[in-house]
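Read the structure below first, then the notes.
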There are 2 protein chains.
Amino acid sequence: MVAKKRVTLADVARLAGLSSTAASMILTGRPDTRLSAEAHARVHAAAASLGYRPNVAARALRTDKSRSIAFISDYVATTRFASGLIRGALAAADAAGHVMLVLETGGEPAREVQAVQAALDRQVDGIIFAAMRAREVFVPDLAIPAPVVMLNGTSARFPTSVLPDEYAGGRLAVELLVEAGAAQSSVLLGHNAEEERGLFRSESIARRLAGIRDAMAEHGLEFEAELSCWNWEPGHGYELVRKLLETRRPRSILCLNDRLAFGAYQAIGEAGLAIPAGIGLVSFDNDELASYLRPGLTTIGLPHEQMGREAVRLLLETSRPESETLVPMPLLRRGSLPAG
Amino acid sequence: MVAKKRVTLADVARLAGLSSTAASMILTGRPDTRLSAEAHARVHAAAASLGYRPNVAARALRTDKSRSIAFISDYVATTRFASGLIRGALAAADAAGHVMLVLETGGEPAREVQAVQAALDRQVDGIIFAAMRAREVFVPDLAIPAPVVMLNGTSARFPTSVLPDEYAGGRLAVELLVEAGAAQSSVLLGHNAEEERGLFRSESIARRLAGIRDAMAEHGLEFEAELSCWNWEPGHGYELVRKLLETRRPRSILCLNDRLAFGAYQAIGEAGLAIPAGIGLVSFDNDELASYLRPGLTTIGLPHEQMGREAVRLLLETSRPESETLVPMPLLRRGSLPAG
DNA sequence: TGCATCTGCTAAAACCATTTAGCAGGGATG
DNA sequence: CATCCCTGCTAAATGGTTTTAGCAGATGCA
């Protein structure tokens, strides 16, 4: 057996009895070439019969396009949501005939520089910078001769960004409470006004809270209490709500994420209260948890998959909006809120 | 401003006053070249001062190596574990100076073919086929002139694979029950002997159960009951355990995954029993859930991150074992089992 | 002196596709 | 009849690197 070489454009051209110039123009589908219909047919037939696949490296060398994009993130999977961003981006890239390089930097500047260079070295057609914590994202101070889209974060250098519409999401949470008739006696779990003056760890959360506060104000409402903690883990939600229930019995809790809500469920169960009859909950993120709880947790989801898709769409477009694209947050109605 | 062109090897050579042949040999670190120490110094200095970066496409064209690998999976993130595989692989690839293309096929043969071709077109140095459900994995019937490693799955065509050591994990679960003094009266949650005769959805689970059954037999033990369901979701665990507790009070439950265990927690809580005093649990997967529960769930984890890392290591090695590499499953001791 | 060997380096080919410039032949136009 | 344009195609340059083959001069040895 002779080792089979890769089939090249020249092979196709030879079989079709034409020059490789002709074969190239036909296969790349150039518009205003003057090659005959018969030439077209012969080249396509030859390519098909040989199973010709263009050499991407050769093409990239000549054209500086590689039909691939880079997805550079600080942490891919440290947060359980990240995979949604990747999955959406992957699907959109695939649909557009592109391939996606995934790079992780751990948030370290040195690795960020390396990642960008690795991507640039491979002539990517564009770069997505994805952040797990949406705030001003560090982008290495390198010349980047390719389109850039910020995903779930922002950057002064690159104004095109894709973010969840947290403000609208915040408002929606309050509307749900009102609709359920549980807003007059409600507790906010996660943050309090005191701390909002300081630095937010995340721009997203600032907007979420702005939406919540604006909607409350419009309804002339105030939270009965605001419980704050730094890490929004179930344990913290549990402790805060357990203490709360020693002295008060609010009609509802607005949880700033599902893990806090999970902790709240545990404390509420131990206090012998029923959800939603005794106390109603609404939350954010649509963590996998939310559907496991009994009753299911009504939550306003992070639209990560759609955001990833949107980012790729913008990246591949010829002109990009120099602004934020806000993706609506979906409402997952489950059983943790009393029916209006 | 004149548009800056990319700096090429020729530029470096010119600045160093040498031929590009010399520059190439020096920068690629060829062993037995006879270029002078001074030439080495000059070339390195020139490259550094110009900020030279080799053009990967040009290099790939010439050498057929691209310093990139492909990670092709059926589903990236549909299961919450997948990201661990990716993260581990990414870290190992990065450490080896490689970049990783991620491709998703949804398990559809047509997309699998496309994914493999897309990878091959880009001259990847190797391919990892990752499966979320570990059984015989479909691999497109294409000539693949690159190393292949199967990750969390197996294939007749490609014998190098990386799998969790489920058999040992299964045995360990039983040992834990025995050590806790809770094995004499135990219930298996997830499968029963009846169904094991049929087709397993997953080879992993078959091995896990084999480990469990062997260890039980060695201790001369049998399960008091075996509860079976097709989907291992919290809801099913809840229902099965709720019914169980109407008639029996076992000392422990061996859950085949953490979501079932989560359902079991809910049912146990409702029945007014305490964990671990009244009933002990041990489980598998180390789902994020496991640490949120109160008390924490003792579970035998899927070592996905390490598996991903291992797969890349094998892929990049010059010779690969034609066999399975089993990665040990870590024990996460938390509070759901009584102390010995 | 003659010949082989070593040292330090370079010219040019090769990898494969895209693209620019242009050629031969035929028909239309003035 | 000379000129121009149109049709259908091709030769050759280009992109940036690696690699093969080989050159000129110096040194070693007889």
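Taking region B:280-303 and a reference point 7 angstrom along Cα→Cβ of B:Arg242, the backbone N atoms nearer than 20 Å belong to B:294. At full extension, B:Arg53 and B:Ser319 could sit 92.8 nm farther apart than now, given 0.36 nm per residue minus the alpha carbon distance. Peptides B:270-276, B:122-128, A:18-24 ranked from most to least packed by the mean count of surrounding Cβ atoms within 10 Å: B:122-128, A:18-24, B:270-276. Between the residues B:Leu15, B:Val174, A:Thr318, the greatest Cα displacement towards the positive end of the dipole of the protein assembly as shown, with unit charges on the Cβ of Lys, Arg, Asp and Glu, is found for B:Leu15. Sorted on the mean count of surrounding Cβ atoms within 10 Å across their residues, most packed first, peptides B:87-93, B:25-31 read B:87-93, B:25-31. A simple spin-label model places pseudo-atoms 7 Å from Cα toward Cβ; at B:Gln184 and B:Leu221 they are separated by 1.2 nm. Once the 1.4 Å probe is applied to the protein heavy atoms, region A:59-179 comes out at 35 Å² accessible per residue.
Heavy-atom accessible area buried between chains A and B is around 4000 Å² (1.4 Å probe, both sides summed). Every other copy gets compared here: list the nm distances from the A:Gln117 label point (7 Å along Cα to Cβ) to its counterparts, shortest first, one decimal. Copy-to-copy label distances for A:Gln117: 3.6 nm. If r is the Cβ-Cβ distance from A:Leu273 to A:Ala95 and R0 is 45 Å, what FRET efficiency results, to the nearest 0.05? With a Förster radius of 45 Å, E is 0.40. With the highest mean first, a sort of the peptides A:154-166, B:104-116, B:315-327 on other beta-carbon atoms found within 10 angstrom per residue produces A:154-166, B:104-116, B:315-327. Of the residues A:Phe138, B:Phe71, ranked by 1.4 Å probe accessible area with the largest first, the sequence reads A:Phe138, B:Phe71. Nonpolar atom fraction for the protein assembly as shown, defined as the carbon and sulfur part of the 1.4 Å probe accessible area, stands at 53 percent.
Averaged over peptide A:121-128, how many Cβ atoms belonging to another chain are found within 10 Å of each residue's Cβ?
Mean partner-chain Cβ count within 10 Å for A:121-128: 3.
Peptide A:26-34 has a mean shielding of 0, counted as Cβ atoms of other protein chains within 10 Å of each residue's Cβ. Counting only residues at least eight positions apart within a chain, or on another chain, the aspartates and glutamates with an alpha carbon under 12 Å from that of A:Lys65 are A:Asp121, A:Asp125.
Remark on B:Val99: its backbone amide H falls under 5 Å from those of B:Ser68, B:Ile69, a criterion applied only to residues 5 or more positions apart or on other chains, H modelled at 1.01 Å from N. Please find the FRET efficiency linking B:Arg333 to B:Ala146, where r is the Cβ-Cβ separation and R0 is fixed at 45 Å, and quote it to the nearest 0.05. Computed FRET efficiency for B:Arg333 and B:Ala146: 0.60.
Inter-part distance, region B:262-340 to region A:206-235, computed on C-alpha centroids, equals 35 Å.
Expressed to the nearest 5 percent, the antiparallel share of DSSP beta bridges inside the protein assembly as shown is 10 percent. Placing +1 on each Lys and Arg Cβ and -1 on each Asp and Glu Cβ, with no other charges, gives the protein assembly as shown a dipole about its Cα centre of roughly 2340 debye.
In a simple Cβ point-charge model (Lys, Arg +1; Asp, Glu -1; nothing else charged), region B:9-54 has a dipole of about 40 debye relative to its Cα centre. Within the same chain, aspartates and glutamates fewer than 8 places from A:Lys243 are excluded, and of the rest, those with a Cα less than 14 Å from its Cα are A:Glu226, A:Glu270. Across peptide B:97-107, the mean count of Cβ atoms from other chains lying within 10 Å of each residue's own Cβ comes to 5. Heavy atoms of the protein chains alone define the surface here; on that basis region B:235-340 has 40 Å² accessible area per residue at 1.4 Å probe size.
Please give the per residue accessible area of region B:9-54, computed with a probe of 1.4 Å over protein heavy atoms only, in Å².
Each residue of region B:9-54 exposes 61 Å² on average to a 1.4 Å probe.
Only one residue of B:Ala261, B:Ala57, A:Gln184 has its Cα farthest out toward the positive end of the dipole of the protein assembly as shown, where Lys and Arg carry +1 and Asp and Glu -1 on Cβ, and that residue is B:Ala57.
Charge dipole of region A:4-103 (Cα centre as origin; +1 on each Lys and Arg Cβ, -1 on each Asp and Glu Cβ, all else neutral): 300 debye, rounded to the nearest 20.
The values are calculated or read from the model by the stated rules, or taken from the named source; none is laboratory data. Quick caveat, the model's predicted, so the values are computed rather than measured. In this analysis, Cβ positions are derived from the backbone assuming ideal geometry, glycine residues included, and neighbour counts consider all displayed protein chains. To get the accessible areas, we keep the full protein, side chains included, count just its heavy atoms, and leave off ligands, DNA and RNA. Shrake-Rupley method; radii C 1.70, N 1.55, O 1.52, S 1.80 Å.
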